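What follows is one structure encoded as structure tokens, with my remarks underneath.
Taken together, the values in this text are just the output of simple stated rules run on the coordinates, not laboratory data. Computed from a predicted model, the values in this text were never measured in an experiment. All Cβ positions, glycine included, derive from the backbone under ideal geometry; neighbour counts span all protein chains shown.
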Amino acid sequence: GENVEQHPSTLSVQEGDSAVIKCTYSDSASNYFPWYKQELGKRPQLIIDIRSNVGEKKDQRIAVTLNKTAKHFSLHITETQPEDSAVYFCAASEASNTGKLIFGQGTTLQVKP
Amino acid sequence: NAGVMQNPRHLVRRRGQEARLRCSPMKGHSHVYWYRQLPEEGLKFMVYLQKENIIDESGMPKERFSAEFPKEGPSILRIQQVVRGDSAAYFCASSPPGSRVGTEAFFGQGTRLTVV
């Protein structure tokens, strides 16, 4: 089945700097890649997603890139703010078409004021 | 739209007791997914259900765990004879009928189970 690896596990940046989180996946048939943000004690919330027919997607300060050949995708956050501090999870949807998500291990992002 | 509702938010059980976690999907959603999150880890898929059907239970432990999504009422994740290792946050997500890969799954607030 699908396996998703995420790194780094922790990331600390100064406010205003950019943050990049990277994920790799194993199943070349996977075709949907969402990113979730989870604040302490709260539910995961979708912040951006990308489908395999697209190489890049941007939403204000957040962008995601996908390299299908290399089987990796990345989250880019620009002009980081303290409220961006949270745990970020990447995920891949198995090609079984059930909507089941396989998650990465998570990245704890700390944005220092 | 009230979103995905899970209850209870916090549940404490003694070893050997049963834990019942409930999930009401978003209005109009008929697909329910359960995920488990151990402390400081990612979410692990457990089971995917549609009304009255278990579609994929490949992530469910072989013993003590069961799930259902009846025609009426919420989806239930049941853990029998709980052990300390079952302590985790259990999240439910739902998506609309006809969902395919690429449909956003909306998560509930989770149930935090503590086994003492």
Segment B:1-56: C-alpha gyration tensor shape, a/c 1.5 cut-off, then a/b vs b/c
prolate
What ranking, highest mean first, results for peptides B:46-53, B:89-96 when packing means the other Cβ atoms within 10 Å averaged over each residue?
B:89-96, B:46-53
So, with +1 on the Cβ of K and R and -1 on the Cβ of D and E, and no other charges, what is the size of the charge dipole of the protein assembly as shown about its Cα centre, to the nearest 20 debye?
700
Report the label-to-label distance for A:Val54 and B:Ser66 in nanometres (one decimal), using points 7 Å from each Cα along the Cα→Cβ vector.
4.2
Normalised per residue, the volume inside the convex hull of the alpha-carbon atoms of chain B in Å³ amounts to 101
Dipole magnitude (debye, nearest 20) for chain B, charges at Cβ of Lys, Arg, Asp, Glu:
380
Semi-axis lengths, Å, segment A:18-113, gyration tensor of Cα atoms, sqrt of 5 times eigenvalues:
23, 15, 11
Long-range amide H partners of B:Ile55, meaning residues 5 or more apart or on another chain whose placed amide H is closer than 5 Å, are B:Tyr48, B:Leu49, B:Gln50
Per-residue mean of C-beta atoms belonging to partner chains within 10 Å, peptide A:98-111:
5
When the Cα centres of segment A:47-94 and segment B:26-47 are compared, how far apart do they sit, in Å?
21
How big is Rg to Rh over segment A:69-113, alpha-carbon atoms, Rh as the Kirkwood inverse-mean-distance radius?
1.09
Given Cβ charges of +1 for Lys and Arg and -1 for Asp and Glu, the option among B:Ser24, A:Ala63, A:Gly104 whose Cα lies farthest towards the positive end of the dipole of the protein assembly as shown is B:Ser24
For the protein assembly as shown, go through all pairs of different Cα atoms, get the mean of 1/r, take its inverse, and jot down that Kirkwood value in Å.
18.1
Could you work out, residue by residue across B:40-51, how many beta carbons of other chains sit within 10 Å of that residue's beta carbon, and then give the average as an integer?
4
If the limit is 29 Å between Cα atoms, which of A:Lys22/B:Lys51; A:Lys68/B:Lys71; A:Lys58/A:Lys100 go over it?
A:Lys22/B:Lys51; A:Lys68/B:Lys71
Those cysteines in the protein assembly as shown that have no second cysteine Cβ within a distance under 4.7 Å are none
Just want to confirm a number: the relative contact order over chain A, from Cα pairs under 8 angstrom separated by 6+ residues, in percent.
37
For Cα pairs less than 8 Å apart in space and 6+ apart in sequence, what is the mean separation divided by the residue count of chain B, i.e. the relative contact order in percent?
37
